[in-house]
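For reference, the structure is listed below as structure tokens.
The values are calculated or read from the model by the stated rules, or taken from the named source; none is laboratory data. The structure presented is a predicted model; accordingly, all values stated were derived computationally and were not measured. Don't worry about glycine lacking a Cβ; one is built from the backbone with ideal geometry, like all the others, and counts go over all protein chains shown. Each accessible area value is taken on the protein alone, full model and side chains, heavy atoms only, with ligands, DNA and RNA left out. Shrake-Rupley method; radii C 1.70, N 1.55, O 1.52, S 1.80 Å.
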Amino acid sequence: MPRIYNSPSKYIQGPHALAELATYVAPLGSAALAIASPRGIERVSAAVEQSCANAGATIAFEAFGGECSDTEINRICAVAQAAGASVIAGIGGGKVLDTAKAVAYKLGVPVVVCPTAASSDAPCSALSVIYHDDGTFDRYLYLPQNPNVVLMDTSVIAGAPERLLTSGMGDALATYFEARACVASEATTCAGGTATNAALALAKLCYDTLMADGVKAKVALEAGACTPAVERIIEANTLLSGIGFESCGLACAHAVHNAMTLLPQTHAYLHGEKVAFGTIVQLVLENAPTEELEEVLGFCMELGLPTTLEDLGVESADRDRLMAVAEQACAPTDTMGNMPFAVTPQMVCDAILAADALGHYYHLAEA
């Protein structure tokens, strides 16, 4: 099987980058449809519309319905066709961006993704995570190419709620550990081949950057400051994690995340928050060295990322309920099979229970 490395055609990161959006949209098409949440439209529409007016391009906005589902994708496809859009732009969080990528794929047009928060590694990938209308995980939609442009306006991102950047760090936290597992098992990656050394190196750089700059970035954002640490974490959450997961692969952490959508209490929590707990579950499953596990637990506790089921709203989960989650995590359509050893639902259930117990133990030890 060949080694394949995927990446977006162009990645731009810097202050006030959205004001230059038309510079990157115009070569792709003269009429764009931008998908954004109602609040996102309020935040960025003026700058984007001015950018397009200066470049002689047109842009229309469509409010995102809240879920990256087939229903929403089909609805926006109809809106884009009616508007004669030749380019799709996604401006917002992970589900907005995944919807934009899926719409562009279905219509056969270019896509530009503009995150308003560094809350996930979705922007750079040729992948959309599709959910059912009720918020439960449906499937991964693998796309034939990565976004044409990824544009990161760090002025906008730094102004987003700090919880979003922290959630992005939770998502990025899994990148190296899942990449390492996939390399060990020679798994087929999201890119359709096996991992390259380049992608594994970026996954490791992602982890090292989180450990070096994660807490500094969180504190800076809480103070309303955009520092070099914030810039480095934005890149880690988005570019390094995006390339690392796509070109190396996903494993236990994301499979646990997907399965935990079966628990309605977790729906109020962000993707990266659930992935962070899934990372602890994976390390328990691997019987990772204590030093590594303690570093990850300590990082999560400093950032306020979940380390227990209670942190995810699950205050009482008996073994039967967790076995249903474990069985879903081990479904052949998910990524648990990329672990470098055979994994059973019983093993996953035990790892979830042990991860939860470890989270409580280290919280008590810290207190």
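Taking the DSSP bridge list for the chain and keeping only pairs wholly inside it, about 20 percent are antiparallel.
The Cα trace of the chain gives Rg and Dmax of 19.7, 61 Å, the first to one decimal, the second as a whole number. Straight-distance candidates among the lysines for linking to Lys101, with alpha-carbon spacing under 28 Å and chain neighbours fewer than 8 residues away dropped: Lys10, Lys204, Lys274. In a reduced charge model with +1 at each Lys and Arg Cβ and -1 at each Asp and Glu Cβ, region 124-193 shows a dipole moment near 180 debye about its Cα centre. Between Ala26 and Asn54, residue separation times 0.36 nm minus the direct Cα-Cα distance comes to 9.0 nm.
Annotation: Ser9 carries an accessible surface of approximately 100 Å², with a 1.4 Å probe and no ligand, DNA or RNA atoms counted. Near Ala19, once Lys and Arg are set to +1 and Asp and Glu to -1 for all other residues with Cβ below 14 Å from its Cβ, the sum equals -2. Sort region 96-221 into rounded, prolate or oblate with this rule: let a ≥ b ≥ c be the square roots of the eigenvalues of the Cα gyration tensor; rounded if a/c is under 1.5, and if a/c is not under 1.5, prolate when a/b is larger than b/c, oblate otherwise. Oblate is the answer for region 96-221, as a/c is 1.5 or above yet b/c matches or exceeds a/b. In degrees between 0 and 90, to the nearest 10, how far off the longest principal axis of the chain does helix 70-83 point, with axes built from Cα atoms? Around 10 degrees separate the two axes. For the chain, modelled as a Gaussian network with Cα springs under 10 Å, which listed residue fluctuates most, Leu293, Leu250, Leu312? Judging by the Gaussian network model, the answer is Leu293.
Quick check: net charge around Ala184, other residues with Cβ under 13 Å of its Cβ, Lys/Arg +1 and Asp/Glu -1? Spelling it out: positives minus negatives among the neighbours equals -2. For region 89-133, trypsin sites (Lys or Arg not before Pro) meeting the loop criterion (DSSP other than H, G, I, E, B) and having at most 16 other Cβ atoms within 10 Å: none. Which residue fluctuates most in the GNM of the chain (Cα springs below 10 Å): Ala259, Ala351, Ala60? Judging by the Gaussian network model, the answer is Ala60.
The angle separating the long axis of helix 94-107 from the principal Cα axis of greatest extent in the chain is about 60 degrees. Rounded to the nearest 20, the Cβ-based charge dipole of the chain about its Cα centre (Lys and Arg +1, Asp and Glu -1) stands at 1140 debye. Comparing Leu165, Leu309, Leu97 in a Gaussian network model of the chain, where Cα atoms under 10 Å apart are tied by springs, the biggest mean-square fluctuation is seen for Leu309. Per-residue surface analysis assigns Glu327 an accessible area of about 100 Å², computed on protein heavy atoms at 1.4 Å probe radius. Once a ≥ b ≥ c are taken as the square roots of the eigenvalues of the Cα gyration tensor of region 1-85, is the result rounded (a/c under 1.5), prolate (a/b larger than b/c) or oblate (a/b not larger than b/c)? Verdict is oblate for region 1-85.
If you sort the three axes of the alpha carbon gyration tensor as a ≥ b ≥ c, you get a/c of 1.5 or more for region 50-169 and a/b no higher than b/c, which makes it oblate. Computed from Cα atoms, the angle from the helix 319-329 axis to the main principal axis of the chain rounds to 50 degrees.
Calculate the length of the line joining the C-alpha centroid of region 214-246 to that of region 1-79, in whole Å. With region 214-246 and region 1-79 each reduced to a Cα centre, they are spaced 22 Å. Dipole of region 1-144 (Lys/Arg Cβ +1, Asp/Glu Cβ -1, origin at the Cα centre): which of Thr58, Thr116, Ala22 lies farthest to the positive side? Farthest along the dipole direction, towards plus: Ala22. Give, as a single signed number, the net charge of other residues whose beta carbon lies under 11 Å from the beta carbon of Ile234, with Lys and Arg counted +1 and Asp and Glu -1. That sum, taken over residues with Cβ under 11 Å, equals -3.
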